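What follows is one structure encoded as structure tokens, with my remarks underneath.
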Amino acid sequence: MHTRPFGPTGRSIGEIGLGTWQLGGDWGDVSEAAALATLRAAFDGGVTFFDTADVYGAGRSETIIGRFLRETPAARGKIFVATKLGRFSTPGWPGNFTRDAVRSHTEASLRRLGVDTLDLTQTHCIPPDVLQRGEVFGWLDELKREGKIRHYGASVEAMDEARFCVEHGGCASLQIIFNIFRQKPIHSLFAAARAKNVALIVRLPLASGLLGGKITSQTKFPASDHRAYNRDGQCFNVGETFAGLPFEKGVELADALKPLVPAGWTMADLALRWCLDFDAVSVLIPGAKSPEQARANLRAAALPPLGAETHVKLAAFYERAVAAHIRGPY
């Protein structure tokens, strides 16, 4: 596993991490035993970055990671855990956006993870007007001075939010949606993030599985899977599900990419390697529900960069066939 510097933190982390939204149950049921086995497989394969949030399973994801850290002495001090706050059900919106709520959510994450200090906490796609008031960054600065967090960042939906955070100065990282179907950050964010030494965490590199190459128009998802209940943004930003593409269109576009997959590669290899080819990217956080999926995600780190011709074709494909179909803030 190759490593990359993580912004201003002084840490280097494996360039492929693990997103753990699915361990909370929003991608269908995952048993605790399967979740722990998935974390172990990722760590054994060189993953040193776990991304979670207090709202994933109402704390379940954090609790499972905390158990993994307790039961895996070799992981202590090596795993960088990034969590998030701002979307928990209690007190909910707008009550989550107060100094006391930010503090209480931080302390709850500390308890669930079983640590004295959070490596990184991120605002979790909070409303743009709350973000731009800037108060939340002041509250996070207080927690940083107190030693409850080492660093803070922001998970955002749209590039105008991302640019605001880059200019703020206190954010160590930005978490964004970026994949072959969502290429806007290349031209609207990457240069600024490099200039300000802000780490970029890439979520949805496989577009909720569309870019894994196995989903068809007949694929069915469990009722508890956001790919069933949020397909058209019924519960939260539509961009978080299939990168904002209508499901049938997303399947059609993924099928159209299959001729570009190099011999011996999977479509997931192509999609993850494409993201890694951009040096502004610090870490990818694909999800996994099993050890086999976790190990498969790591293949791309050992593959060579894609050639310039493939990048040109994928850029043209995005502009010609994809961009007009993306829904939600972008």
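Some points to look at:
- Nitroxide proxy distance, nm - points 7 Å out along Cα→Cβ at Thr72 and Arg111: 2.5
- Considering only the chain, percent of DSSP beta bridges that pair antiparallel, nearest 5: 15
- Volume of the Cα convex hull of the chain, divided per residue and given in Å³: 121
- Other residues whose C-beta falls under 11 angstrom from the C-beta of Arg111 contribute a net charge of -3, scoring Lys and Arg +1 and Asp and Glu -1.
- Amide hydrogen neighbours beyond the local backbone of Ile16, cut-off 5 Å, H modeled: Leu284
- In sequence order, calculated HN-Hα J values of the stretch 324-330 (Karplus, 6.51, -1.76, 1.60; Hz; x Gly/Pro): 5, 9, 6, 10, x, x, 8
- Burial order of peptide ranges 87-93, 131-137 (average beta-carbon count within 10 Å, highest first): 131-137, 87-93
- The chain, helix-only ellipticity at 222 nm - DSSP H runs n ≥ 4, -39,500 (n - 2.57), divided by all residues, nearest 500: -10500 deg cm²/dmol
- Efficiency of FRET from Cβ geometry, Ile186 and Asp44, R₀ 41 Å, rounded to 0.05: 0.80
- Build a GNM of the chain with springs between Cα atoms under 10 Å apart, and of His105, His226, His187 the one that fluctuates most is His187.
- Label separation (Ala302 vs Ser89): 4.2 nm, computed from points 7 Å beyond Cα along the C-beta direction.
- Ranked by the mean number of other Cβ atoms within 10 Å per residue, highest first, peptides 213-224, 71-82 order as 71-82, 213-224.
- Over 18 Å between alpha carbons, listed pairs Lys214/Lys249; Lys148/Lys196; Lys249/Lys289; Lys214/Lys258; Lys214/Lys313: Lys148/Lys196; Lys249/Lys289; Lys214/Lys313
- Full-extension gain in nm, Ala256 to Ala195, via 0.36 nm per residue minus C-alpha separation: 18.4 nm
Values quoted throughout were computed directly from the atomic coordinates according to the rules given, and no laboratory measurement underlies them. All values derive from a computational prediction rather than experimental measurement. When we count neighbours, we look across all protein chains shown, and the Cβ atoms used for this are built from the backbone with ideal geometry, even at glycine.
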